[in-house]
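Colleague: Sharing a structure below in structure tokens format, with a few things to ask.
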Amino acid sequence: MKIFLDTADTDVIKEFKEMGLVDGITTNPTLIARTGRKFGEVIRDICAIVDGPVNAEVTAATADGILDEAREIRKWGEQIVIKIPMNREGLRAVWRLSEEGIPTTVTLIFSVPQAILAAKAGARYLCPFVGRLDDIASEGTSLLYDITAVLGQYPEWDCEVMAASVRHPIHVVEAARAGVDVITIPPKVIDQMLSHPLTDRGIAQFLKDAALCYS
Ligand code: E4P
């Protein structure tokens, strides 16, 4: 399972890259806005840090508008994956970009039927949103099991399932159990995954004992 970082914060990306935890990056307009910087600058900076795929989201409402935006964004880096919302115009753009060999992520997927259509249209990555389904009292993680089960039967749809809208470590565990190809994780959740009170207590005890017998 690949891990992408769900952030546009370049300092954080550098930090986690040094731990070998960054196979790629996802951004969205909200994450870019949080940096206080311009979209193009941030994406170019991320491309200079990360070797893997960097997801940059388009905002145009029509397929032609998305194509123009996508071709411009791709000039910033060969590794850029164009992130496109799930709707009719989005899928038209996905299909045309796939014909041009430009990889896309279809984002804001909330159902298996949407995932089937995005896969058929030629998306490289499908992004089911787990946390936002939980927010409306639905079971976000069951969607991951359903999508991986369905798509696993059709290897001719050459796409990867990327769990998104991850809010806590249990989402990560469930995504791994469901067999997703990629999970995009916010830095806060990686921090939560890193720590355990018994680890802290164990380190403190070992240090105390080491003071008695090391050196
Ligand atoms: C990533 O590609 C998505 O845009 C992101 O995971 C959404 O997360 P959120 O639902 O916590 O905003």
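Colleague: Quick test of your reading of the structure: E156 fulfils all but one of (1) within 24 Å of P103 (Cβ to Cβ); (2) away from the ligand (no atom under 16 Å from the Cβ); (3) within 16 Å of the chain's Cα centre (by Cα). Name the failing condition by number.
Modeller: Answer for E156: the failing condition is (3).
Colleague: Pairs needed: first member in the stretch 22-34, more than 12 Å from P186 (Cβ to Cβ); second member anywhere, within 11 Å of the ligand (Cβ to nearest atom) and modelled with pLDDT of 95 or more; C-beta distance under 7 Å; at least 6 residues apart or different chains.
Modeller: Once the first residue is more than 12 Å from P186 (Cβ to Cβ) and sits in the stretch 22-34, its partners that are within 11 Å of the ligand (Cβ to nearest atom) and modelled with pLDDT of 95 or more give V22/L5; D23/F4; G24/F4; P29/E57; I32/A8.
Colleague: Okay, next question. Is it the case that G52 is among the small types (G, A, S), in contact (Cβ under 8 Å) with a residue 12 or more places away in the chain and within 15 Å of the ligand (Cβ to nearest atom)?
Modeller: Details: among the small types (G, A, S): yes; in contact (Cβ under 8 Å) with a residue 12 or more places away in the chain: yes; within 15 Å of the ligand (Cβ to nearest atom): yes.
Considered against the rule, which asks whether it is among the small types (G, A, S), in contact (Cβ under 8 Å) with a residue 12 or more places away in the chain and within 15 Å of the ligand (Cβ to nearest atom), G52 comes out as yes.
Colleague: For the stretch 182-190, does any single residue satisfy the condition of being under 17 Å from the mean Cα position of the chain (by Cα), assigned to a loop (DSSP other than H, G, I, E, B) and either within 16 Å of the ligand (Cβ to nearest atom) or on the phi > 0 side of the Ramachandran plot (or both)?
Modeller: The initial filter retains those residues of the stretch 182-190 that are under 17 Å from the mean Cα position of the chain (by Cα), namely 182-190.
Right, trim to assigned to a loop (DSSP other than H, G, I, E, B) and you get 186.
Keeping just the survivors that are either within 16 Å of the ligand (Cβ to nearest atom) or on the phi > 0 side of the Ramachandran plot (or both) gives 186.
Yes, that holds for at least one residue.
Colleague: Also, I was wondering about something else. Checking T59 against (1) more than 14 Å from the chain's Cα centre (by Cα); (2) among the hydroxyl-bearing types (S, T, Y); (3) crowded, with 18+ Cβ neighbours inside 10 Å; (4) within 15 Å of the ligand (Cβ to nearest atom), which single condition isn't satisfied?
Modeller: Going through (1) more than 14 Å from the chain's Cα centre (by Cα); (2) among the hydroxyl-bearing types (S, T, Y); (3) crowded, with 18+ Cβ neighbours inside 10 Å; (4) within 15 Å of the ligand (Cβ to nearest atom) one by one, T59 breaks only (3).
Colleague: With the requirement that a residue be in a loop (DSSP other than H, G, I, E, B) and not β-branched (V, I, T), what does the stretch 136-166 give you? It would help to see each step written out before you state the result.
Modeller: First pass over the stretch 136-166, keeping only residues in a loop (DSSP other than H, G, I, E, B): 136-139, 152-159, 165-166.
Residues satisfying the conditions are A137, S138, E139, G152, Q153, Y154, P155, E156, W157, D158, C159, S165.
Colleague: Among the residues of the stretch 119-135, count how many are part of a helix (DSSP H, G or I) and either within 13 Å of the ligand (Cβ to nearest atom) or over 20 Å from R71 (Cα atoms) (or both). Give the derivation first.
Modeller: Here is the first cut: in the stretch 119-135, the ones part of a helix (DSSP H, G or I) are 119-121, 130-135.
From what's left, either within 13 Å of the ligand (Cβ to nearest atom) or over 20 Å from R71 (Cα atoms) (or both): 119-120, 130-135.
Looking only at that region, the number is 8.
The values are calculated or read from the model by the stated rules, or taken from the named source; none is laboratory data. None of the values given here were measured: they were computed from a predicted structure. A quick note on method: Cβ atoms are made from the backbone with ideal geometry, for glycine too, and the neighbour counts reach across all protein chains shown.
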